[in-house]
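What follows is a set of notes on a single structure, which appears directly below.
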Amino acid sequence: MPKSPFFTEEHTLFRTSIREFLHKEMTPHFGEWEANEQIPRWAWEKMGEMGYLALGHPEAYGGMPVDWFTHVVYCEELSRALNAGFAAAMTVHQYMATNHLSRAGSDLLRQKYLAPAIQGKKIACLGMSEPHVGSNVQGLKTFAQDMGDHYLVTGSKIFITNGYYADFMTLCCNTDQGISLIVVDLDADGVSRNKLKKIGWHSSDTAEVFFDQVKVPKENLIGEAGKGFYLISDSLQTERLIASISSLGTLDGVMAMTQQYMREREAFGRPIAKFQALRHRMADLATEIEACRQLIYSTVWKVENGVFAVKECSMCKLYSAELTIKVVNECLQMYGGYGYMEDFPIAQVYRDCRAGSIAGGTSEIMREIIAKMTLDGVEYKQAY
Ligand SMILES: Cc1cc2nc3c(=O)[nH]c(=O)nc-3n(C[C@H](O)[C@H](O)[C@H](O)COP(=O)(O)OP(=O)(O)OC[C@H]3O[C@@H](n4cnc5c(N)ncnc54)[C@H](O)[C@@H]3O)c2cc1C
């Protein structure tokens, strides 16, 4: 076998070790976390101790800068374990909330929030969506009023992953200068939260968070006031790529699990894996997954090499999310009646995967971006 153009031997060793770790230390607890709708603090701290939450962050704060294909291995394996709530909780913490501190946070913010987040001792969330504004970030209503030495934050956020149990939020809000990112302690006076009931991702808590005149020190501003939109726009590309890699992990996990079932389940005196009608459907899915994988890996390669790949990241997110919904639906069919039973993990994967085409930018928004770039000739430049 020739050498992979994307993965080294170190990546392969890392894949083996994280897969074993998840299998031994995390997977046995998934059922309990799904039922309790909470990931216990010890699991966050264990992920921190193992150094997984450090990936991509600066060494000075306990982080571990790595290449993009290490992120690929990490996120694929998190999702391959087939508890999307758990994978979402970890990746939102790492790639959507604390990444802004690494990129533009002051030393003080990094010491106070990033370092404990890397250790899994503080949980982070990102507050962007609002009850009346989801897809259009520029219409945000939450406002941080400049009071001289502090801000007074008023407004609300919705659908916030980790939002119910998190210690702090990277809040995307309006200030006099425009959209800004501000770190808000979620135990501050004036913050209240409401845990939302979802159809899937049960291990991960999702919240509505209200801010009523919440006093936040001015030093909690990330980067410059009014530059938050640029920070968010840039990091959306990374988030979308991470979401795509996570979908790929789910696809690999669900295919492996379903193929195993098909080899074991018999009908009419032979394994159902031997029925041509089913084999050919699985062959089609495997082909599409491989096409999706190549799109994602080549986009990761571009990003690793400094390309601001807005179109490709949007294509990855669109294609992988929609493909996951299709593949999981087809895989469930292979289980017959058992596929409809909660006792079988495929049922959970079916509920979980539906979030993929909504969270982190809907498929319609991805199509809009791709259409603007391919039809209208729009180009996006890295802003920050
Ligand atoms: C499980 C889950 C976790 C989430 N986690 C977070 C989180 O941690 N932090 C956070 O800030 N948000 C989070 N979100 C929110 C998510 O990012 C938003 O739901 C998403 O961006 C869509 O916004 P909306 O729900 O307001 O839908 P809307 O913007 O109201 O859209 C409604 C429908 O209209 C379509 N639409 C909107 N605008 C256009 C357009 N211009 N052209 C074509 N169609 C359009 C949309 O695609 C959608 O189908 C999460 C959501 C879910 C489901």
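The values are calculated or read from the model by the stated rules, or taken from the named source; none is laboratory data. Just so it is clear, the model here is predicted, and its values are computed rather than measured. Positions of Cβ are generated from backbone atoms using ideal geometry, with glycine treated the same way; all protein chains shown enter the neighbour counts.
The strands (runs of 3 or more DSSP E) found wholly in the range 113-165 and carrying at least 3 residues that are under 30 Å from Lys46 (Cβ atoms) occupy 124-127, 150-161. Applying a threshold of 6 Å to beta carbon distances and a minimum spacing of six or more residues, or different chains, the list of pairs starting in the range 46-61 at a residue that is crowded, with 21+ Cβ neighbours inside 10 Å and ending at one that is of a type in the set (Ser, Thr, Tyr) and assigned to a helix (DSSP H, G or I) reads His57/Ser102. Within the range 350-368, the set of residues being more than 16 Å from Ser244 (Cα to Cα) and either within 8 Å of the ligand (Cβ to nearest atom) or of a type in the set (A, V, I, L, M, F, W, C) (or both) comprises Glu368 only.
Remark: pairs (first residue in the range 174-198, more than 12 Å from Leu221 (Cβ to Cβ); second residue polar (S, T, N, Q); Cβ separation under 6 Å; 6+ apart in sequence or on different chains) = Gly190/Gln213; Leu196/Thr206; Lys198/Thr206.
Among the residues of the range 320-339, those identified as hydroxyl-bearing (Ser, Thr, Tyr) and farther than 14 Å from Tyr261 by Cβ are Ser320, Thr324. Summed over the range 80-131, residues that are in contact with a Lys or Arg (Cβ under 7 Å, 6 or more places away or on another chain) and within 13 Å of the ligand (Cβ to nearest atom) total 3. Pairs linking a residue in the range 341-365 that is at negative phi to a residue that is more than 6 Å from the ligand (Cβ to nearest atom) and among the acidic types (Asp, Glu), with Cβ atoms under 9 Å and 6 or more positions apart or on different chains, are Gln348/Glu34; Gln348/Glu342; Gly356/Glu322; Ser357/Glu322; Ser363/Glu322.
Of the residues making up the range 107-132, just one is assigned by TED's automatic domain parsing to the domain that holds Ala54 and farther than 20 Å from Leu53 by Cβ, namely Leu108. For the structure I just gave you, tell me whether Thr91 is under 12 Å from the mean Cα position of the chain (by Cα), modelled with pLDDT of 95 or more and either outside the structural domain of Val300 (by TED's automatic domain parsing) or under 22 Å from Leu186 (Cβ atoms) (or both). Spelling it out, Thr91 is indeed under 12 Å from the mean Cα position of the chain (by Cα), modelled with pLDDT of 95 or more and either outside the structural domain of Val300 (by TED's automatic domain parsing) or under 22 Å from Leu186 (Cβ atoms) (or both).
Among the residues in the range 160-171, are any within 13 Å of the ligand (Cβ to nearest atom), acidic (Asp, Glu) and surrounded by fewer than 20 Cβ atoms within 10 Å (Cβ to Cβ)? There is no residue in the range 160-171 that is within 13 Å of the ligand (Cβ to nearest atom), acidic (Asp, Glu) and surrounded by fewer than 20 Cβ atoms within 10 Å (Cβ to Cβ). Scanning the range 90-108 for residues that are in a helix (DSSP H, G or I), small (Gly, Ala, Ser) and surrounded by fewer than 24 Cβ atoms within 10 Å (Cβ to Cβ) returns Ser102, Ala104. Taking the stated definitions as given, is Met147 more than 13 Å from the ligand (Cβ to nearest atom) and assigned by TED's automatic domain parsing to the domain that holds Gln213? Taking the combined requirement at face value, the residue satisfies it. Within the range 119-138, residues that are among the acidic types (Asp, Glu) reach partners that are near the ligand (Cβ under 8 Å from one of its atoms) with beta carbons closer than 9 Å, at six or more positions or on different chains, in the pairs Glu130/Lys157; Glu130/Ile158. The residues on offer are Ser156, Ser135, and the sole one that is outside the structural domain of Ala359 (by TED's automatic domain parsing), near the ligand (Cβ under 8 Å from one of its atoms) and not aliphatic (A, V, I, L, M) is Ser135.
Let's see how each residue does on (1) assigned by TED's automatic domain parsing to the domain that holds Val73; (2) touching a helix residue (DSSP H, G or I) at 6+ places or on another chain (Cβ under 6 Å); (3) of a type in the set (Val, Ile, Thr):
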residue	(1), (2), (3)
Gly249	no, yes, no
Gln260	no, no, no
Ala283	no, no, no
Ala286	no, no, no
Ile289	no, yes, yes
Cys292	no, yes, no
Trp301	no, no, no
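Kindly evaluate Ala267 against the criterion of being over 28 Å from Leu55 (Cα atoms) and touching a Phe, Trp or Tyr at 6+ places or on another chain (Cβ under 9 Å). Judged against the criteria, Ala267 is a match.
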